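J.: Take this structure first; my questions come after.
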Amino acid sequence: MAEANALTIAVLPADGHGWRIDWLGEIAFPNRMIRRKQPSVLLHLSRVIA
């Protein structure tokens with residue numbers, strides 16, 4: 001189970017490959033009509049090929 005403060009990305013495939021953050025973009029609450037507890041983070045990721 002993930003810790004309460006751990007960052008998780010639910011949409012990555014569970015194939016055992018590593019991923020690298022290539023670019024970190026906006027950190028915001030994108031839809032102000034929905035009251036969210038955590039902001040959304042825009043990332044560009046690449047699969048690590050070993």
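J.: So in the stretch 28-49, with the set limited to residues that are exposed (fewer than 10 other Cβ atoms within 10 Å of the Cβ) and within 24 Å of ASP15 (Cβ to Cβ), which one is farthest from the chain's Cα centre (by Cα)? Steps first, answer last, please.
T.: Going through the stretch 28-49, the residues exposed (fewer than 10 other Cβ atoms within 10 Å of the Cβ) turn out to be 31-35, 37-38, 48-49.
Narrowing further to those that are within 24 Å of ASP15 (Cβ to Cβ): 48-49.
Numbers: VAL48: 16, ILE49: 20 Å.
By that ranking, first place goes to ILE49.
J.: May I ask you to verify whether ILE21 is at pLDDT 75 or above and on the phi < 0 side of the Ramachandran plot?
T.: yes
The values are calculated or read from the model by the stated rules, or taken from the named source; none is laboratory data. Computed from a predicted model, the values in this text were never measured in an experiment. As a convention, Cβ positions derive from the backbone with ideal geometry for all residues, glycine included, and neighbour counts pool all protein chains shown.
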